[in-house]
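The following block contains the structure, expressed as structure tokens.
The values are calculated or read from the model by the stated rules, or taken from the named source; none is laboratory data. Model, not experiment: these values are computed from the prediction. Backbone-built Cβ (ideal geometry, glycine too); neighbour counts: all protein chains shown. For accessibility, only protein heavy atoms count, side chains too; no ligands or nucleic acids. Shrake-Rupley method; radii C 1.70, N 1.55, O 1.52, S 1.80 Å.
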Amino acid sequence: AYLVQEEKTDTRPAKRYADEKALEAFGLIPRGFDLDGFMVNLLTDQVAGYYDSKQGEFFIADWIPVADQRMVMAHELTHALQDQHFHIDSWLKAARPNDDAASAREAVLEGSATVSMIDYELRGLGTSVRAMPDISALTQMAVGQAAATPGLDKAPPYLRDSLLFPYLDGAVFTQHLLKAGDGWPDFYKVFSRPPLSTQQIMQPSYYLEGKAPPPVALPPLGRLLGRDWKLLDENVVGEFGLEEVLKQYLPASEATGFAPDWWGDRYAILENRKTKSSLLLFLLQLDSASHASAFFDAYKALLLKKHGGATGVVAAPESLQFQSPDGGVYFECRAAECFSMEGGSHSAFQAVTRAIDWAPASAPSRPSGPSPSGR
């Protein structure tokens, strides 16, 4: 009932619609997928307890074993303490409109609550998460057992991974911070200097060293694409999201190999006012020109696999275009940047690439610049 009510009182239905269209365009969920209904059913199946920050209350399922209830209580009381000291609703919302930054903050909350729960379980063994060499296997086991339900097993891989990411990767991030400082007494500092991206969660050393890429910007799209296209959202995919996109169509080893090369991105999802078709633009910065060149080959294979029935394929070094049932697909990499457009026209692609300071596609690539600082 709580989950259903939360959905009904959601004040951002347009954002939810844009997210659904973006997930479809990136191939992360099937087209026409009932995302809202599936998530309510999935979370109802999954939930053993939750903390309601609006009411300052937490709830525990009384049908699970008492020992499990105690673990859940350790987790939810951690959220209550986080809220008491740092006001977690406003702290989470402060990351908006950057969805990747918001996911990073959620990983702080859920990861630290998971580590607190594990510390509670270890309290009689004379050890703690901070004293352990690596928590990832233990967290996988603890969270994996709790998440082993038919609903989660049937979920699209992206939905399953995105639900588990804050707990699994967030716990590993938390352990790194506990080890780097004076344990829990120092952990409060992360709330005054939160991670800026899922990259800093997945690579905690980047957070500790303050390494973060500069923002990536798309040009104003209204005048470039015309009135037929309505902008639904502009946002950030992030390292976690990039890995998930790649995993849909490439071997997992390739996806996990390319994702750490992420060094900033910006995507835009648009909808045609007449036909309701989608247009996806994705500008990606890699950490070096050599990594961008290797990424081109992988993403080229991804696009051809994703858009079955491609016709008129024209491929050149670090340039690809073809027609799909959903419209034109265009992809190009220059120096350390890669840009793709799915569902548009060649003239629109040229207009956008010119606006992001790229020469026309037929012109030579601009010289490679130095790799971004910090990598």
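If you check every pair at least six apart or on different chains, which have Cβ atoms under 8 Å apart with a residue in the stretch 199-210 that is free of Cβ contacts under 8 Å to residues at least 60 places away in the same chain first and a residue that is acidic (Asp, Glu) second?
MET202/ASP169; MET202/GLU239; GLN203/GLU239
May I ask you to list the residues in the stretch 92-101 that are assigned to a helix (DSSP H, G or I), surrounded by 15 or more Cβ atoms within 10 Å (Cβ to Cβ) and of a type outside the set (A, V, I, L, M)?
ASP99, ASP100
If the Cβ limit is 6 Å and pairs must be 6+ apart or interchain, which residue in the stretch 155-178 that is free of Cβ contacts under 8 Å to residues at least 24 places away in the same chain pairs with which residue that is in a helix (DSSP H, G or I)?
ARG160/LEU152
Checking the condition within 23 Å of PHE282 (Cα to Cα), in a helix (DSSP H, G or I) and open to solvent by 70 Å² or more (accessible area, probe 1.4 Å), which residue from ALA22, ALA18, ALA14 passes?
ALA14
On to the next question. Would the stretch 301-314 turn up any residue that is of a type in the set (S, T, N, Q) and open to solvent by 20 Å² or more (accessible area, probe 1.4 Å)?
Applying the first criterion (of a type in the set (S, T, N, Q)) to the stretch 301-314 yields 311.
Applying the additional criterion that residues be open to solvent by 20 Å² or more (accessible area, probe 1.4 Å) yields 311.
Within the stretch 301-314, one or more residues are of a type in the set (S, T, N, Q) and open to solvent by 20 Å² or more (accessible area, probe 1.4 Å).
Can you tell me which residues in the stretch 319-346 are buried (at least 19 other Cβ atoms within 10 Å of the Cβ) and over 24 Å from ASP228 (Cβ atoms)?
Answer for the stretch 319-346, where residues must be buried (at least 19 other Cβ atoms within 10 Å of the Cβ) and over 24 Å from ASP228 (Cβ atoms): LEU320, CYS333, ARG334, ALA335, ALA336, GLU337, CYS338.
Right, something else. When you go through ASP62, ASP89 one by one, which is the residue that is surrounded by fewer than 16 Cβ atoms within 10 Å (Cβ to Cβ), assigned to a helix (DSSP H, G or I) and free of Cβ contacts under 8 Å to residues at least 60 places away in the same chain?
The match here is ASP89.
Another question about this same structure. Among the residues of the stretch 102-130, count how many are surrounded by fewer than 21 Cβ atoms within 10 Å (Cβ to Cβ) and either in a helix (DSSP H, G or I) or of a type in the set (A, V, I, L, M, F, W, C) (or both).
Total meeting the criteria: 7.
Would you say LEU196 is touching a residue at least 24 places away in the same chain (Cβ under 8 Å), in a loop (DSSP other than H, G, I, E, B) and either more than 27 Å from ALA351 (Cα to Cα) or of a type in the set (S, T, N, Q) (or both)? If you could, list the steps in order and put the result at the bottom.
Numbers: touching a residue at least 24 places away in the same chain (Cβ under 8 Å): yes; in a loop (DSSP other than H, G, I, E, B): yes; either more than 27 Å from ALA351 (Cα to Cα) or of a type in the set (S, T, N, Q) (or both): yes.
When the stated conditions are applied, LEU196 passes them.
So, of the residues in the stretch 31-59 that are open to solvent by 70 Å² or more (accessible area, probe 1.4 Å) and touching a residue at least 40 places away in the same chain (Cβ under 8 Å), which turns out to be farthest from TYR267 (Cα to Cα)?
So the residue we want is PHE59.
For the stretch 181-232, what are the residues that are open to solvent by 70 Å² or more (accessible area, probe 1.4 Å) and within 21 Å of PRO166 (Cβ to Cβ)?
The answer is TRP184, TYR188, LYS189, SER192, ARG193, LEU196, LEU208.
With (1) farther than 24 Å from THR139 by Cα; (2) open to solvent by less than 60 Å² (accessible area, probe 1.4 Å) as the list, and GLN84 as the residue in question, which single condition is left unmet?
It is condition (2) that GLN84 fails.
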